[in-house]
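Shown next, in structure tokens, is the structure this report addresses.
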Amino acid sequence: MADTLLQEDISQTSVQPELIRFTAPDGLALAARVWNPEVRANGALPLVCLPGLSRNWRDFSDIADALVAMGRKVVAIDYRGRGDSAHDPDWHNYAIPVEAHDIDAGLEVLQLERFAVLGTSRGGLHAMAMAHRFGKHRMSAVILNDVGPRIELKSILRIAATLGKGMRHGSYEELAIRLRNQSQDQFPLLDAEGWTKLARQMARPDAAGVVLDYDPALALTLSALDDATPWPDQWPLFEGLTDRPVLVLRGSRSDLLSQDTLTQMAARHPQLQTMIIDGEGHAPLLWDQASQTRIAEFLTEFADN
């Protein structure tokens, strides 16, 4: 029954993504999803999508549908312990350096010689780090979805407070109510249908209902944080992107990427473009036509050249 329900969830997207299995350097089973256009637009580079801390490939279904309709291939990689990738028996491996090797392995399996990257939250940190591994001839442009080199600790503490808790629910609708109670200040414009759609992105069916689609041990990676925790200086990572075009999306209500940090990013990056998404917090959902159009235009003008 769970497999049938999962297929029904996937079928809600207009384009069926292909499931690709591959192996991490340490042997863990990993996965990616690939949306292939019927006809590829001339010169359109693939877009590699990297999700947030506890999120998965489904977060990119809407933007993938929009871009595939324009002839662009889209790839979304599930980190270990999330989505279709296997859980790691050692939670210490839920770390950006380990995940970086996993991402690189996926790029090789997918034979992506040249590409652009869309990184949401943690995915944006990965994108910044990738700039130091891949020159602009390989990774031509980057879209950062509500993340930058300075992350507001209050947002991480908010996320840590719920991570790994309340994993199972009787239905998507039940999970949607919990999500609304937790995050309505970040997404005040979402209606009941919207919260249920978000629940379907974050969870998958199981025998008792639905379960959030990540290893609850992921919470251990943030368990030591408190108000006095210093955040590492990420500006050197960001500066690796200054040789290529970057588009930064910021939710107007975001508590993770501040407007001050965005202003500093623009001052340090000569090719930085920005878009504020009204009425959304961390991280913008990319369901709306305005953000999809802006992403498509940015890729066509800057990534494909």
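Quick note: the coordinates plus some simple rules give every number you see, no bench work behind them. Every value quoted in this text rests on a predicted model; they were computed, and no experiment measured them. Because the Cβ atoms are built from the backbone with ideal geometry, glycine has one as well, and the counts that use them run over all protein chains shown.
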Straight-line reach check, Lys197, cutoff 17 Å on alpha carbons, 8 or more apart in-chain or any other chain, hits among aspartates and glutamates -> Glu8, Asp9, Asp59, Asp62, Asp65, Glu173, Glu174, Asp213, Glu280, Asp288
Matching label, Cα extents along the principal axes in Å computed from the structure shown, candidates [x] 50, 49, 41; [y] 56, 44, 41; [z] 57, 46, 35: [x]
11 Å beta-carbon shell around Ile103, net charge (K/R +1, D/E -1): -3
The chain - charge dipole about Cα centre, Lys and Arg +1 at Cβ, Asp and Glu -1, debye rounded to 20: 360
Take the alpha carbon atoms of the stretch 148-192, find their center, do the same for the stretch 217-286, and report the distance between the two centers in whole angstrom. 18
About the Cα centre of the stretch 144-285, how large is the charge dipole given +1 on each Lys and Arg Cβ and -1 on each Asp and Glu Cβ? Please answer in debye to the nearest 20. 140
Of the candidates Thr293, Ala203, Leu179, the farthest towards the positive dipole end of the chain (Lys/Arg Cβ +1, Asp/Glu Cβ -1, centred on the Cα centre) is Thr293
